[in-house]
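Presented below is the structure to which this report refers.
The values are calculated or read from the model by the stated rules, or taken from the named source; none is laboratory data. These figures come from a predicted structure and were not determined experimentally. No Cβ is skipped: glycine too gets one built from the backbone with ideal geometry, and neighbour counts run over all protein chains shown. Remember, those area values only see protein heavy atoms, side chains included, never the ligands or the DNA or RNA. Shrake-Rupley method; radii C 1.70, N 1.55, O 1.52, S 1.80 Å.
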Amino acid sequence: EAPSATVAVYLDRSIVYRSLSVLSGTGTTGPVISGTLMPPSTMAVSLYSHFGEDTLIPGISCIAGITRNLEAGAMAEIPVTRDGTSDIDFTLSVKTGFASTLHSVALYLAYHHSEGVIVGPAYELRAGPVSIGINLEASIRDNGGILYKPDVYAAGGAAFRFFYGPATLGLWIRTETSLVTSDIVLDDQLSAGVMLKLIIPGTDLFISGDG
């Protein structure tokens, strides 16, 4: 698989989700979903692009806090290759949960056009400028009719974030199984990466990079 990188510019009118990436329709560190929810009556919008050896994928992601315990999000991307533009990819998601000063627990449900239905819990522990989180998820993918013998995959990840002033550093690790069959044969695929995020002083803009 060709190496890729992401550069994003964020517009966040309330400066919430300050230490999270919002490229997938919810708050994450890399692909690891956060247990944190967007506060009610707030919204974050990000314009971004993934860069690969032969592909450019511009996209937009929006997240809105509906109530204290519910957020909704959407993401849309248009992959552009040397041969032209392919189909639009999109995600629609909701996340519900509860939070205290130190802990956040959430349940995430999404429909991803290229990956099917994704559901799972997320937990986050916060201590000052440090956050540690984990998430588990199941992916139910279409197999000639999503309710007829669907393909099921499982994944889990952990993330560490540290912010100082306007800057955030995130580290993540994630594993995904191959197709879960009746024999429960697992073929772990391990990945890891780094997230950097910077609030431009005096503005509501963010610059972020994920790799």
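Numbers below:
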{"item": "Karplus 3J(HN,Hα) series, Hz, for segment 31-39 with 6.51 cos²θ - 1.76 cosθ + 1.60 (x for Gly, Pro)", "result": "x, 8, 6, 8, x, 7, 10, 5, x"}
{"item": "Highest average packing first - 62-73, 27-38, Cβ atoms within 10 Å", "result": "27-38, 62-73"}
{"item": "Around TYR111: net Lys/Arg minus Asp/Glu count, Cβ-Cβ under 12 Å", "result": "-2"}
{"item": "Per residue value of the accessible surface for segment 23-146 (all protein chains in place, 1.4 Å probe), Å²", "result": "49 Å²"}
{"item": "Theoretical FRET efficiency, 1/(1+(r/R0)^6), r = Cβ-Cβ of ARG141 and LEU171, R0 22 Å, to 0.05", "result": "0.20"}
{"item": "Sequence ranges 109-120, 50-61, ranked by mean other-Cβ count within 10 angstrom, highest first", "result": "109-120, 50-61"}
